[in-house]
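Input: a single structure, listed below in structure tokens.
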């Protein structure tokens, strides 16, 4: 009789785990139908299973906490010498009585909890969120994909973590020694980890962070997504937030968008909503919660290994792009583009004349082209043939190149002595010059991020050797259409631009012309050209980015 | 349960947590698959919450919860009829009665189980912990004990069998073996 229960136990065990084949399933059913003892045993067994699955029910019986390999070796040895139990074949007749079906394991791609929560009232949502954290976690389920990584070094070199690797729920701790990794959960929550960081995938909508930094972007389909740290639980309520666990055990929560629920303290004693623009620190020693400044650029929010971009929320710097960079500081100060050829240059060029041809810039993917506007014929301002109809007539002269420089605002405003702590990036453009940036190419730099605005300050540089001769017009175009102009800008004047951009805008053009000055001017006893001293500069020219 | 509590999520959650063991065990016995039982438990909890707010009076929360769960299991069986093996109707009906009966003393059963667990040797307790508290799959346990997967099944099944016997004995119910 004992063998009957051993067999039953194995069949039930297999069935509970979804591993029985059809004939084994039929056997289990047959045993229960034909034998009341087997039926009772099955009920007791499944009830026991359910009780064992109760989370946290066994803390008081002293479970071992460390894996003991010697113990497991001893187990293995015992099993090698244990007698086998055969599962007998099932009669064909009993199989024919039932419909021929097949077990198909289906794992939800999107958390059911998250979907249903959308349809519920806020009170119900609160309940579901609280409830979900009492429910035992399912393990071994593939739930997230490594979608990108940059300079990532993982601790487990035996099983490499590469793009496309599926991560399963469970106890495995992932150690990202350095670099960055992006995970996309099946419920569409996106998480960026910054090494060094140690984490676990606790459930289909839950990450455990032992230390390091994680940034989560959670769409509506994944509301309820959570980050657990040793002393806090952060539950998303439709948001973007960053969590840092310091080596000393403190947890920092920075909420950049929407709101989260923070549960902190050793027994979840404190629950509070933290909304956009707020941050909290939870002491690792005392569990005390304190207000801290929300730091929007503290976390890596998006990575793109193809363009080598790490985005912390900063703006895209167009001066850096002129310097051959990716807009995030990789460009070279002093690098320039010659508007008369479209080629990069690091040498100063003197005054010269040029046709108003549109010249493609092949060396920088985010710069479409450059030109010397003269308004005498149609002025093309993009590789797609966009025309600037209102282009003013100029002499067609220019001087120097379009240069990536550093400066400071005081210098522009007061024209006082140039100071060495200049920290702002700027594009230096003498009249007459134009440069067109390819917004579409920049959108590819960091996927999942929108270009929202163009902002800059502008004026005339102090380099003007005859300051009183300066007089230039500043123009900003989008797809050939005039969006902004400021005429007759002279030295000592300081202005700002702020232009909204839409996702359909393809090209942004910055242009400086000579300000209606005559071809030949007289200043005191000097004869000057129209472009004399028109050293225009766009200071801190940026594209403001925002996650989609 | 007074009407003042009827729309209070905290009160509902406490009730649900108190009786969750019974409801979950009931579901698991009927569907015999832990993953399906998890999903049904979640759906059951949601439906309970919706009904709870409309209900006037619920005298026996656990019994009511099992009625809701029964409904959800039937719905599940209907939906999964073509894709999953299911116990036939005769067996299913037998299980409903048996599961509800076994659930009546679930708290005592839980206490007995804790005692039985404490009697296990350390290595056995560790395996139970791996399977249930840590949620390890049979595959990962097999890797840990350095044995084929079918052997791990055997080991875990034997441990469960041992615990069933112990709980049974502890509760001093009718001798099964």
For labels at residue A:376 and residue A:6 in the simple 7 Å Cα→Cβ model, what's the distance in nm? 10.2 nm
For peptide B:42-51, the mean count of other chain Cβ atoms within 10 Å per residue Cβ is 4
Please report B:171, A:167, A:28 as a ranked list, fewest other C-beta atoms within 10 angstrom at the top and most at the bottom. B:171, A:167, A:28
Hey, could you pull the Cα Rg and Dmax for the range A:258-417, both in Å? 24.4, 76
Testing the spin-label approximation: label points 7 Å from Cα along Cα→Cβ at residue B:11 and residue A:283. State their distance in nm. 3.8 nm
For chain B, take the longest principal axis of its alpha carbons; what is the angle in degrees between that and the long axis of helix B:9-31, to the nearest 10 within 0 to 90? 50 degrees
Cβ-Cβ FRET estimate between residue A:503 and residue A:151, R0 fixed at 35 Å, reported to 0.05: 0.70
Chain lengthening between residue B:89 and residue B:111 when straightened (0.36 nm per residue, less Cα-Cα): 4.6 nm
Compactness of the range B:47-177, expressed as Rg and Dmax over alpha-carbon positions, Å: 18.7, 56
In peptide A:21-32, what is the residue-averaged number of other protein chain Cβ atoms found within 10 Å of each Cβ? 2
How big is the convex hull of the Cα atoms of the range A:245-348, per residue, in Å³? 145 Å³
Would you give the gap between the C-alpha center of the range B:75-125 and the C-alpha center of the range A:303-337, rounded to a whole Å? 60 Å
For a footprinting-style exposure proxy, rank A:254, A:298 by other Cβ within 10 Å, fewest first. A:298, A:254
For A:26, A:217, A:295, A:301, order by how many other beta-carbon atoms lie within 10 Å, fewest first: A:295, A:26, A:217, A:301
Quick check on chain B: helices-only [θ] at 222 nm, where DSSP H runs of length 4 and up contribute -39,500 (n - 2.57) each and the sum goes over total residues. Nearest 500, please. -24000 deg cm²/dmol
Just to verify a number: FRET efficiency for residue A:290 and residue A:496, C-beta to C-beta distance, R0 = 30 Å, to 0.05? 0.20
Between residue A:23 and residue A:330, Cβ-based FRET efficiency (R0 60 Å, step 0.05) works out to 0.45
Placing each pseudo-label 7 Å from Cα in the direction of the beta carbon, residue A:357 and residue A:163 end up separated by a distance in nanometres of 3.8 nm
Over all residues in B:13-19, what is the mean tally of Cβ atoms on other chains that come within 10 Å of each residue's Cβ? 2
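Here, each number is a calculation from the coordinates, and none is a lab measurement. Since the structure is predicted, the reported quantities are computational estimates derived from the model, not experimental observations. Here Cβ is always computed from backbone atoms with ideal geometry, including for glycine, and neighbour counts include all displayed protein chains.
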